[in-house]
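Heads up, the thing below is written out as structure tokens.
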Amino acid sequence: MKRRPFLPSVLLAWLAASMLVLSGCSTVRSRIDENRAGFDRLSPQDRALVSEGKIRGGMSQEAVYIAWGRPQQKAVGAVHNVPTETWVYLIATTVPTYGYGYGGGFYGGFSGPVGYYGRHGGRRFYGAFFDPFYDPFYYPFPQTITQPVKTVSFQRGRVIAFQYLSPAY
């Protein structure tokens, strides 16, 4: 019986998974192709801005969608008694954490192998075995924080304000 090599199977599975993940990513070019009629209605100046992923005051919601994509959050309110809609775009970043081994043997020092205890209530439990400095809040993976990176506000379907926010980390 001839055995099939293991590596090509793993490579094929990895390639299929990465294609599935990347196919959900939207680019300015793909949004222009998806909304060709809306893009063609824009002025030549706005077409140039949208093609670069930029916006300006007075642009339509459709132009902002083509330039920046779908927002992760939408907020509705009023400014001077005029209905206002704000789109918020988020970014996920990892935060550096100090795990075991930081500070030597007397402050959170490593005194045994780190292990996975199991799940309870949908949460994973990790800990160190034989550790005199047991830390119940120790998590061996970097923490991910989601924060806003840009916002745009609309009144009557037109941009009245937009912001680029600097990340906290």
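At a glance:
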quantity	calculated
The stretch 24-83: relative contact order as a whole-number percent, Cα under 8 Å and 6+ apart	35 percent
Sorted by Cβ density within 10 Å, fewest first, the residues E85, E52	E52, E85
Neighbourhood charge, 12 Å Cβ-Cβ cut-off, centred on E34 and excluding it, Lys, Arg +1 and Asp, Glu -1	+2
Spin-label pair Q73/S166, simplified geometry with 7 Å Cα→Cβ offset, distance in nm	2.1 nm
Theoretical gain in end-to-end length, A48 to E85 [0.36 nm per residue, Cα-Cα removed]	10.8 nm
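Read the figures in this text as sums done on the coordinates, not as results from a lab. What you see is a predicted model, and the numbers here were worked out from it, not measured in a lab. Here Cβ is always computed from backbone atoms with ideal geometry, including for glycine, and neighbour counts include all displayed protein chains.
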